[in-house]
Amino acid sequence: MTLPILLHPDPVLRAACTPVRGDVAGLARDMLDTMYAAPGRGLAAPQVGVTERLFVMDATWKEGLPDPRVFVNPEIVARDGAQVNEEGCLSIPDVPRRVARARRVTLTFDGPGGARRSEVFDGFAAACIQHEMDHLDGVLILDHAAAS
Ligand code: NI
């Protein structure tokens, strides 16, 4: 089931999200449906009106390599390097911005059964993760200085 995507300047997009405590499997499925339908490569819970720390991502499906991912209570624990990409945001349609990010991040998150997992991401996926993590803290691409 697809969900309505909130648009800037909806104040919900500025909320600091709280940790996920309950079962969000159904919400995560709906968020993936919504992301693919948009179409986008990442979607954070506040964009569908849920101020909890959860986002979905598929960095490669548009290249024919579907890789749906769900990250619950994610935290970036390491970052290194630098990259600049033109980023879009489903909540700010048609206003892309060049944003400077770390080149590589290590993300920890709740895996199945609640055990914490850790995974390293590079390049575009790392930028996408940093973009979605910003959403969980009420930060949008407009808040970043436009990078050259
Ligand atoms: Ni966004």
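The values are calculated or read from the model by the stated rules, or taken from the named source; none is laboratory data. Every value quoted in this text rests on a predicted model; they were computed, and no experiment measured them. Heads up, the Cβs are rebuilt from the backbone with ideal geometry, glycines too, and the neighbour counts pull from every protein chain shown. Ligands, DNA and RNA are excluded from the accessible area calculation, which covers all protein heavy atoms including side chains. Shrake-Rupley method; radii C 1.70, N 1.55, O 1.52, S 1.80 Å.
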Requested in this report: Output the qualifying pairs, or none if there are none: Cβ atoms under 7 angstrom, residues six or more apart or on different chains, first residue in segment 60-81 and without any contact (Cβ under 8 Å) to a residue 12 or more places away in the chain and more than 14 Å from A44 (Cα to Cα), second residue open to solvent by less than 60 Å² (accessible area, probe 1.4 Å) and of a type in the set (D, E).
Outcome: P66/D58; D67/D58
Query - Any chance M1 is farther than 21 Å from A127 by Cβ and either among the acidic types (D, E) or in contact with a Lys or Arg (Cβ under 9 Å, 6 or more places away or on another chain) (or both) - result: yes
Requested in this report: Run L136 past the list (1) buried (at least 21 other Cβ atoms within 10 Å of the Cβ); (2) away from the ligand (no atom under 14 Å from the Cβ); (3) among the aliphatic types (A, V, I, L, M) and report the number of the one that doesn't hold.
Outcome: (2)
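The rows are residues; the columns are (1) touching a Ser or Thr at 6+ places or on another chain (Cβ under 8 Å); (2) over 20 Å from P112 (Cβ atoms); (3) among the β-branched types (V, I, T).
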| site | (1), (2), (3) |
| --- | --- |
| A44 | no, yes, no |
| Q47 | yes, yes, no |
| A59 | no, yes, no |
| E63 | no, yes, no |
| N73 | no, no, no |
Query - Qualifying positions in segment 7-27 - assigned to a helix (DSSP H, G or I), within 14 Å of the ligand (Cβ to nearest atom) and surrounded by fewer than 20 Cβ atoms within 10 Å (Cβ to Cβ) - result: V12, R14
Report summary line: Only unsatisfied item for A126, checking (1) small (G, A, S); (2) within 16 Å of the ligand (Cβ to nearest atom); (3) surrounded by fewer than 19 Cβ atoms within 10 Å (Cβ to Cβ), is (3)
Report summary line: If we take segment 28-121, then strands (runs of 3 or more DSSP E) inside it with 2 or more residues that are farther than 26 Å from H8 by Cα and open to solvent by less than 10 Å² (accessible area, probe 1.4 Å) are 104-110
